[in-house]
Ligand SMILES: O=P(O)(O)OC[C@H]1O[C@H](OP(=O)(O)OP(=O)(O)O)[C@H](O)[C@@H]1O
Ligand SMILES: O=c1cc[nH]c(=O)[nH]1
Ligand SMILES: [Mg+2]
């Protein structure tokens, strides 16, 4: 499993603003979109391409285009939905599927309450979007599900991760062909399994419940 923290001054600046308790939902949504756009540049580095013959106004040349099958972007509802626009801005031809997953805040069990994906994922490069990798339970479950459905490669894009979550992911699905791109790895999880220092509940902050 490849793990890369994308280091860039704009990512560090925007992430700091995102974390601040006084950042309102509308600004939080805008920053999330901008951060995903920056992260997706790195995260799409291994996307498959093929040569294409084109004519410029001056000459014929061999250019490059994305190879089929189309990449599939899968936000994990709810919070992952906040990352979708930033990603499709960069890969407008991608297909989009949805996984609705929530962790029970008492037991930390993962409930998959929605699934709307293409029937056959064979050979597909899937980009999973979820801002928070805390205990890793949600992402491990999502990766297992997508791989079982035939995905050839899974690239996960998260804003923040706890070291405990990365280790769990490595232990449970690290032998599958997966990559993880992050804006930062934080210090630890607290007693409620929230990321410290983190940014709080990403879904609540995106959709106004934290204000
Ligand atoms: O790594 P884990 O310990 O599994 O926690 C991470 C999950 O928690 C959050 O979602 P949440 O369950 O709060 O659902 P929401 O997006 O609807 O708020 C987050 O968006 C991840 O999906
Ligand atoms: O810190 C955390 C952990 C899980 N989910 C969140 O939204 N935030
Ligand atoms: Mg939540």
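Quick notes on this structure:
- Residues of the range 109-131 that turn out to be away from ligand 3 (no atom under 12 Å from the Cβ), under 18 Å from residue 168 (Cα atoms), touching a helix residue (DSSP H, G or I) at 6+ places or on another chain (Cβ under 7 Å) and not in a strand (DSSP E or B), as a count: 0
- Given (1) closer than 26 Å to residue 152 by Cβ; (2) part of a helix (DSSP H, G or I), index of the condition residue 50 fails: (2)
- Restricting attention to the range 135-152, the residues that are in contact (Cβ under 8 Å) with a residue 12 or more places away in the chain, surrounded by fewer than 23 Cβ atoms within 10 Å (Cβ to Cβ) and in a helix (DSSP H, G or I) add up to 6.
- Selection within the range 103-131 - on the phi > 0 side of the Ramachandran plot and either modelled with pLDDT of 95 or more or within 10 Å of ligand 1 (Cβ to nearest atom) (or both): 108
- Among the residues of the range 105-134, those that are buried (at least 16 other Cβ atoms within 10 Å of the Cβ) and either within 15 Å of residue 84 (Cβ to Cβ) or without any contact (Cβ under 8 Å) to a residue 40 or more places away in the chain (or both) comprise 110, 117, 126, 127, 128, 129, 130, 131.
- Each residue in the range 91-107 was checked for being part of a loop (DSSP other than H, G, I, E, B) and more than 12 Å from ligand 3 (Cβ to nearest atom), and 7 pass.
- Any hit, the range 176-190, residues being within 13 Å of residue 18 (Cα to Cα), assigned to a loop (DSSP other than H, G, I, E, B) and in contact with a helix residue (DSSP H, G or I) (Cβ under 9 Å, 6 or more places away or on another chain): no
Residues are listed down the side, and each one gets a yes or a no for (1) crowded, with 19+ Cβ neighbours inside 10 Å; (2) within 21 Å of the chain's Cα centre (by Cα); (3) not in a loop (DSSP other than H, G, I, E, B):
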| position | (1), (2), (3) |
| --- | --- |
| 32 | yes, yes, yes |
| 57 | no, no, no |
| 63 | no, no, yes |
| 83 | yes, yes, yes |
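- Selection of the range 88-104 for residues being out of contact with any strand residue (DSSP E or B) (no Cβ under 6 Å at 6 or more places or on another chain) and touching a residue at least 40 places away in the same chain (Cβ under 8 Å) yields 89, 90, 91.
- Residues satisfying the stated conditions in the range 153-168, i.e. crowded, with 24+ Cβ neighbours inside 10 Å and closer than 12 Å to residue 140 by Cβ: 154, 156, 165
The values are calculated or read from the model by the stated rules, or taken from the named source; none is laboratory data. Since this is a predicted model, take the numbers as computed values, not measurements. FYI the Cβ positions are ideal-geometry reconstructions off the backbone, even for glycines, and counts take in every protein chain you see.
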